[in-house]
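Only one structure is covered here, and it is reproduced in the block below.
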Amino acid sequence: MAELKTDLDYEVEAAQKKSIFTANRFLYASATGLTCLIFYLLLAFTFSPRSLFEEDSESLTTHIGEPGGCSKIQFRREWRNLRKDEQLEYIDAIKCLQTTPGLYRDDQSLYGDYANLHSHAGKIGHDTTLFLPWHRYLLHNFENDLRTHCGFKGTIPYWNWVLDWEALDQAPVWDNVYGIGGNGTGEESVGHGRCVETGPFSHYQALRFGANETHHCLSRGFLTGEKSDRYSAELQPEKLDDIMQKDDYYDFWNTLEFAAHEAIPRWIQGEFFEFTSPNDPIFYFHHCQVDRLWAEWQLADPEHRAETIFGTMVDDELELDKLGPKTRIRDILHTDSGPLCYRYLK
Ligand SMILES: [Cu+2]
């Protein structure tokens, strides 16, 4: 049996391939010949994977050879790899957005606007090959709003649920202080969940649940027993390995959206059970993980995967209604190119 790749293996492999790929692009795009060749060789041979894990690395803050270059690359990291003060900063930024006036109505915050948008754009951004790019763009815009309105300096963290698949309810992300609170234990709420009574969002009131206007508490109802096993089985390393081995975009997206991605909301229930799922902050942790998997899949074979969206023109536009400007799909295919300017770290 083939040895299973760990998450770190994917990080390292992707880092190696990406460094060579970006160096290649630089080589072709430049007209300065020999200078570039020397630079390329230096980059290809000295850019060790280890340096990718050092945020201050000079080579990572300069963008090379991509259109719409970035003055700075920021790194998205797994929740448990953030320092405690960074975790608290992210939680505070979310709470801030929950009290920032929204763009649609007086009684809905900017945070709530995202749940509204996600609900209305549901048919565009789900069950189609647009699933990955649309959510990538949504997250980027949300991250920008945290920065613009709440002074947030960091990045959206991801929850690598593969690390917790055997005990999803024990994941650090559910911590009451250095996390977003755990399972619902209070009164019955929406979506087969109960009110979350502990953690930083225990007082949050959401305005909508799906198409209905229903003021309610943050609702979660973790599955247990056999029901839970059914979904957590989709998140084990072997399953993820299968997804990452898919050769073309259609197969990759199709398996990722309908197996691993679907398993999390079905296991959490409550808020996440409906199209207003961004009401639960776990939405962003989960979609950041999904986006990371797509980015790693792209980087594993950039020449064939980075600019292919099956059945969809890369010049088509992605829309976020009032929440952000339209953008072409092709402009968000490389995470480390403008306007995105981020990479994923372990
Ligand atoms: Cu969605």
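What the table below lists for this structure:
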item	result
Hits in segment 93-115 - residues which are more than 19 Å from the chain's Cα centre (by Cα) and of a type in the set (D, E)	D106, D107
Some residue of segment 74-92 being out of contact with any Asp or Glu (no Cβ under 7 Å at 6 or more places or on another chain), in the same structural domain as Y284 (by TED's automatic domain parsing) and either at positive phi or within 16 Å of the ligand (Cβ to nearest atom) (or both)	no
Residue within segment 205-215 that is touching a Lys or Arg at 6+ places or on another chain (Cβ under 6 Å), farther than 16 Å from L168 by Cβ and not aliphatic (A, V, I, L, M) present	no
Evaluation of H120 against (1) exposed (fewer than 15 other Cβ atoms within 10 Å of the Cβ); (2) under 29 Å from D316 (Cα atoms); (3) at pLDDT 95 or above (one fails), failing number	(3)
Filtered residues of segment 208-223 (kept if over 24 Å from the mean Cα position of the chain (by Cα) and in contact (Cβ under 8 Å) with a residue 40 or more places away in the chain)	A211
Some residue of segment 235-255 being under 20 Å from the mean Cα position of the chain (by Cα) and more than 22 Å from R305 (Cβ to Cβ)	yes
V173 vs. criteria assigned to a helix (DSSP H, G or I) and not polar (S, T, N, Q)	yes
Yes/no for P157 being farther than 24 Å from Y344 by Cα, more than 16 Å from the ligand (Cβ to nearest atom) and not aliphatic (A, V, I, L, M)	no
Considering residues of segment 254-277 that are assigned to a helix (DSSP H, G or I) and among the β-branched types (V, I, T) only, the residue surrounded by the most Cβ atoms within 10 Å (Cβ to Cβ)	I268
Cβ pairs under 7 Å, 6+ apart, first in segment 127-149 and assigned to a loop (DSSP other than H, G, I, E, B), second within 12 Å of the ligand (Cβ to nearest atom)	L130/I124
Odd one out for V290, checked against (1) assigned to a loop (DSSP other than H, G, I, E, B); (2) within 16 Å of the ligand (Cβ to nearest atom); (3) aliphatic (A, V, I, L, M)	(1)
Qualifying positions in segment 93-149 - within 11 Å of the ligand (Cβ to nearest atom), out of contact with any Asp or Glu (no Cβ under 9 Å at 6 or more places or on another chain) and under 15 Å from P325 (Cβ atoms)	L138
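Residues checked against (1) in a helix (DSSP H, G or I); (2) outside the structural domain of D331 (by TED's automatic domain parsing); (3) modelled with pLDDT under 50:
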residue	(1), (2), (3)
N24	yes, yes, yes
L27	yes, yes, yes
T32	no, yes, yes
C36	yes, yes, yes
L41	yes, yes, yes
A44	yes, yes, yes
C70	no, yes, no
T99	no, no, no
Y114	yes, no, no
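The values are calculated or read from the model by the stated rules, or taken from the named source; none is laboratory data. Bear in mind that the values here come from a model prediction, so they are computed numbers and not experimental data. Neighbour counts run over all protein chains shown; Cβ positions are idealised from the backbone, glycine included.
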